[in-house]
Amino acid sequence: MSELSVPLESIRPCLQGVLPSWLVTCSADGVPNATIISIVRYVDPERVALTRQFFNKTRANLDANPQAQAIVVDPASGDQFALDLRYLHTESEGPIFDEVEANLAAVASQMGMTDVFRLRGVDIHRVLRCAPFGETAPPVQEPRPEPDALPLLDEFMRRLSLCVDYADAARVGLETLDDLFGFSYSILLTTDERGDRLFAVSSNGYVPSGVGAEVPVGVGLVGVAAERRRVVCVPSLARSRAMNAALQDSIRRSGAEPSAVEIELPGLERVQSAAAVPLLAHGELTGVLYLESERQGAFGPGKERLLRIVGGQLAAALAVLQADRAESEPDEPAAATSPQGEPLAVAYYQADDSVFVDDAYVVKGVPGRILWKLLREHAADGRTSFTNRELRLDERLGLPAGNDNLEARLLVLRKRLAAIECGITLDRVDRGRLSLGVSVPLTLAEVPTTGPMRAAHEPPAGG
C-alpha cells in the first residue's frame, strides 16, 4: 500500500499540467538525472500518469531502476509536493492515453506545433509517498469535497425543457451555463453538411458574437474535440490572444478558402483556460460547445464529467428541436412593394455560395444559398413569407436528407443579417415559418466563378 502523508485528491490542482514538473531518476549504479516533463496527471488515489516525452537517459534509468521522484507545483499557491514513484507500465492506447493525447493534440494544433507535441505513450506510476516539499512546506490538508452539482444539473435540464425552438435552446443553454456554473464565455458550433467543418451558431459573453465563424474538424481545441469526440480541457493557456491567431493561421495553412475566415472565432484577450465539449446525439457528432475563462484551472478536476453531462443534455435538446418540423401553411405571396432609398448591391458567388451586401460579407455555404433563394423570389414577386418545408424540398439548396441542420443554418443567417444591419432581415414568425424583410431596393448579381474565392471581393460589374 502507498503511504501518503498528503492524499493525492488534495493536490489535484498540481496534477492538471498547468505548470511543468521535475522528474528525478537514478541509474542502476545510483547516478541521478533530472528532467522537466509537461504533465503529471491524476489517475486514481494511488496512481499518476506521466507523459512519455523523456530523453534517452531518463528512459534508460527507469528501465534499469523503476524508482523516481516527481516535484509538482500548485499553480495558485506555488506550494510544492514530492511524489515518490514506482514505474508500473507504459500505455500507448486506452482511455488514459486517449485523454492525455487528445489534450496535447488540441494544444499543439491551437499553437500550430503538431509535430512537436507528439505523444508516444503515458507511463503509469504508483505513488509510494506524497509529501510537502521545500523549506516552507504547506500544512497537510484534507481534500475539499466537490460541491454538489446535481441540483444545478437538474435546473439546467429544466430550463432546456421549456425551450420552444432551436434558437431558444441555443440561447438559453449558453446563458444558463453562465448563470448556474459561472461559464461566462461560450460558443455553440454545429457540424456542416459534409461533417468536416463546424460553424458557430450562437455565443455568450463575446462582442462581436462570432456567429458564422468556421473551424475545420481536427484544427484547434474545437476541431480536435470534434475529431476525437472527447472533452478537451486545457487548464492553462497563458498565451492569451495568440491562441486565436494560431488557430486562424492553422486554418489558412490547412488550405481553406480565404472566405472561410471572413468571420473570426472570438476569443478572450486574457484567456487562461479553455474546454471543448463534443455534442453527440444518437451516436452522431452534431456540434461542439466551446468554453473559455480568464481564470487558470477553471476547467480542472471534476469539470470534465460535468461538461460531458451538460454537453449530452444540450445535444439532446437541440436534436429534438432541430427535428421538429411542424409547420403551418405559407401565406399567399404578398403584393410587390417598392422600398425606398439608395439601392444595395447584393452579390452571390457560386464558388462557395457566399453573399456580400455592398461589399460586406454576410454568410456562405448553405445559409448563403438559402438567402440567395429568398432574395431572388422576393425580387420576382415581392414574396416575404416562406416555410421550412419548402426549403427542405428545394433540391438546389443541397440539404442532406435526414439531418439537414436547417434550424441551425437559419439561426446563423438571421443573426448575421441582424449583425450587419443591411436593410435585410429574416424573422421566425411561427414554427416552420419565416418572414423576409427588405427595407431598401436591391440589385442582385450572381458571379459564376468556379475557382477559389478571391481574397478581396470586388463589387460585381454594374453593381
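The values are calculated or read from the model by the stated rules, or taken from the named source; none is laboratory data. Please read all numbers here as calculations on a predicted model, not as lab measurements. Heads up, the Cβs are rebuilt from the backbone with ideal geometry, glycines too, and the neighbour counts pull from every protein chain shown. These area figures cover heavy atoms from the full protein model, side chains too; ligands, DNA and RNA do not enter into them. Shrake-Rupley method; radii C 1.70, N 1.55, O 1.52, S 1.80 Å.
Quickly rank 222-232, 272-282, 89-99 as a protection proxy: mean count of other C-beta atoms within 10 Å, highest first.
Numbers: 222-232: 24.8, 272-282: 22.9, 89-99: 13.7.
Ranked by mean Cβ neighbours within 10 Å, highest first: 222-232, 272-282, 89-99.
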Report summary line: Computed ³J(HN,Hα) along the stretch 180-185: with the Karplus parameters 6.51/-1.76/1.60, θ = phi - 60°, integer Hz and x for glycine or proline, the list is 8, 10, x, 8, 7, 10
Report task. Using a 1.4 Å probe and ignoring any ligands, DNA or RNA, find the accessible area of residue 415 and quote it in Å² to the nearest 10. Result -> 70
Report summary line: Stretched fully, the stretch from residue 34 through residue 342 gains (0.36 nm per residue minus C-alpha distance, one decimal, in nm) 103.7 nm
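What net charge is computed for the residues neighbouring residue 342, neighbours being all others with C-beta under 15 Å from the C-beta of residue 342, Lys and Arg scored +1, Asp and Glu -1? Write down the numbers at each step before the final one.
Values: positive: none; negative: 358, 359, 421.
Neighbourhood net charge equals -3.
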Query raised in the report: Hey, with R₀ at 45 Å, roughly what FRET efficiency would residue 352 and residue 67 work out to, going by the Cβ-Cβ distance, to 0.05?
Result: 0.15
Query raised in the report: Using a cut-off of 24 Å between alpha-carbon atoms, which lysines can reach residue 364, once sequence neighbours fewer than 8 places away in the same chain are excluded?
Result: 373, 415
Report summary line: Output ordering of 430-436, 376-382 (per-residue mean of other Cβ within 10 Å, highest first) is 430-436, 376-382
Query raised in the report: When ranked by the protection proxy of mean other Cβ atoms within 10 Å per residue, highest first, what sequence do the peptides 385-397, 178-190 form?
Result: 178-190, 385-397
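So, R0 is 35 Å and r is the distance between the beta-carbons of residue 57 and residue 295; what FRET efficiency does that work out to, to 0.05?
Numbers: r = 37 Å, r/R0 = 1.07.
Efficiency at R0 = 35 Å is approximately 0.40.
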